[in-house]
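Notes to accompany the following structure.
The values are calculated or read from the model by the stated rules, or taken from the named source; none is laboratory data. Since we're looking at a predicted model, the values are computed, not measured. All Cβ positions, glycine included, derive from the backbone under ideal geometry; neighbour counts span all protein chains shown.
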Ligand SMILES: C[S@@+](CC[C@H](N)C(=O)[O-])C[C@H]1O[C@@H](n2cnc3c(N)ncnc32)[C@H](O)[C@@H]1O
C-alpha cells in the first residue's frame with residue numbers, strides 16, 4: 001500500500017515521479033485493473049489495428065490490447081519514469097516489436113494524422129482541465145470511423161475520494177457533449193462498479209463510466 005498523504009498521492013497520480021514513481025505505477029495497476037480490462041474489452045482492437053493509449057502509466061495492460069493478430073500499440077505518457085518502466089516491461093514480455101511507449105502530452109500528441117484505429121484513455125480525464133483541445137487532438141490522430149474509449153470516475157464518486165481535490169471532475173453528459181463537438185459519435189456506454197481498494201489502500205464502492213465513441 002502507498003503511504004502518501006492525499007496531496008502527494010494526487011500529484012503522483014497526475015504524473016508519477018521521483019522515488020515513489022515505480023510503486024505508484026504498481027499501485028495504479030492493482031487499483032485500476034478491472035476498469036482497464038472492461039475498457040479494453042469495449043474498445044475491441046481487431047487484427048492489424050493500431051492502438052493508442054493516452055496516459056497508460058507503465059502500460060501493464062498493453063498485452064490485453066495486443067491480443068488480435070498483427071495489432072500494434074503506442075502509449076503516450078507524460079511521466080518519463082512510466083515511459084522507462086513501461087518500455088522495460090514490454091521488452092521483457094517480448095512485445096517490443098509491436099508496442100512502445102513514448103513521452104508526450106495528450107494536448108500535442110506526437111502521432112501522425114489519421115494513423116490510429118483505436119484509442120484508449122483510462123483515469124486520465126481528471127488531468128485535462130478542458131476536454132475540448134484533447135478530444136480534438138485525439139480526433140486528429142484517429143482515422144475516420146476509428147474508436148475512442150474513455151473510462152473515468154463518476155463525478156459524485158470521485159468527489160468522495162480524499163485525494164481528488166485538485167482533479168478536474170467531468171459529468172457524464174458533459175463528456176458526451178464534448179465528444180460530439182470534437183467530431184465523435186457516441187456509440188456505447190457502460191457503468192463499471194466494483195468494491196475494491198483504491199490507491200490510498202481504502203476499500204470502497206467504486207463507480208466509473210466507460211464511453212465508446214467513433215470518429216465521424
Ligand atoms: C491516474 S494515472 C492512470 C494510469 C492508467 N491509465 C491506469 O488506468 O492505471 C494517470 C496517468 O496519465 C498520465 N498523464 C496525465 N496527464 C497526461 C497528459 N496530459 N498526457 C499524457 N499522459 C498524462 C500520468 O502521468 C499518469 O501515468
request  = Quickly run through the range 81-98 and pick out the residues that are in contact with a strand residue (DSSP E or B) (Cβ under 6 Å, 6 or more places away or on another chain) and part of a helix (DSSP H, G or I).
outcome  = 83, 86, 87, 90
task = Could you please find all residues in the range 104-139 being touching a strand residue (DSSP E or B) at 6+ places or on another chain (Cβ under 9 Å) and assigned to a strand (DSSP E or B)?
result = 105, 116, 117, 118, 119, 120, 121, 122
inquiry  = Would you confirm whether or not the range 32-42 contains a residue that is within 20 Å of residue 139 (Cα to Cα), surrounded by 14 or more Cβ atoms within 10 Å (Cβ to Cβ) and in contact with a helix residue (DSSP H, G or I) (Cβ under 8 Å, 6 or more places away or on another chain)?
reply    = yes
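Taking the range 49-67 on its own, how many of its residues are assigned to a loop (DSSP other than H, G, I, E, B), touching a residue at least 24 places away in the same chain (Cβ under 8 Å) and more than 13 Å from the chain's Cα centre (by Cα)?
The number of residues fulfilling the criteria is 2.
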ask   = For the subset of the range 194-216 comprising residues that are out of contact with any helix residue (DSSP H, G or I) (no Cβ under 9 Å at 6 or more places or on another chain) and outside any loop (DSSP other than H, G, I, E, B), which member is surrounded by the most Cβ atoms within 10 Å (Cβ to Cβ)?
value = 214
query = So is residue 161 modelled with pLDDT of 95 or more, outside any helix (DSSP H, G or I) and either in contact with a helix residue (DSSP H, G or I) (Cβ under 9 Å, 6 or more places away or on another chain) or surrounded by fewer than 19 Cβ atoms within 10 Å (Cβ to Cβ) (or both) or not?
reply = yes
ask   = Which number in (1) more than 9 Å from the ligand (Cβ to nearest atom); (2) touching a strand residue (DSSP E or B) at 6+ places or on another chain (Cβ under 8 Å) marks the one condition that residue 37 misses?
value = (2)
ask   = If residue 101 satisfies every condition in (1) more than 28 Å from residue 214 (Cα to Cα); (2) assigned to a strand (DSSP E or B) but one, which is the exception?
value = (1)
